[in-house]
Amino acid sequence: MLSETINCEYCISSCPRHACRKKQVNGGKQGGEGMTELKPCPFCKAKAKAESYLEIYWVSCRKRSCKVKPQTDCYKTQKGALKAWNRRAGK
């Protein structure tokens, strides 16, 4: 999975913690067959959101007041980002 991780070469600052034009991808769901629901944030239990910029994908907690603000690394595929978010330690 780490082989799918990429650095954002399109932004001035590191991706995805930047203020450039991000867009939400499919309301936090994987498109196509085998549609996968994202697990809630492991810290605040809020819904997660899948986002992309150009062809870079990541998932983060949707709740602005979440104290931890977890998010995945940047991935080349949406499937990779969704899989990273849904993976939980010890399971």
Scan segment 62-91 for residues that are surrounded by 14 or more Cβ atoms within 10 Å (Cβ to Cβ), assigned to a loop (DSSP other than H, G, I, E, B) and of a type in the set (Lys, Arg) and report the count. 4
Look at Val59 and say whether it is crowded, with 22+ Cβ neighbours inside 10 Å and among the β-branched types (Val, Ile, Thr). yes
Go through the residues of segment 7-30 one by one and say whether even a single one is modelled with pLDDT of 50 or more and touching a Leu at 6+ places or on another chain (Cβ under 7 Å). no
Restricting attention to segment 43-61, the residues that are assigned to a loop (DSSP other than H, G, I, E, B) and at pLDDT 95 or above number exactly 5
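The values are calculated or read from the model by the stated rules, or taken from the named source; none is laboratory data. Everything numeric in this text was worked out from a predicted model, so none of it was measured. Glycine gets a Cβ as well: all are built from the backbone with ideal geometry, and neighbour counts include every protein chain shown.
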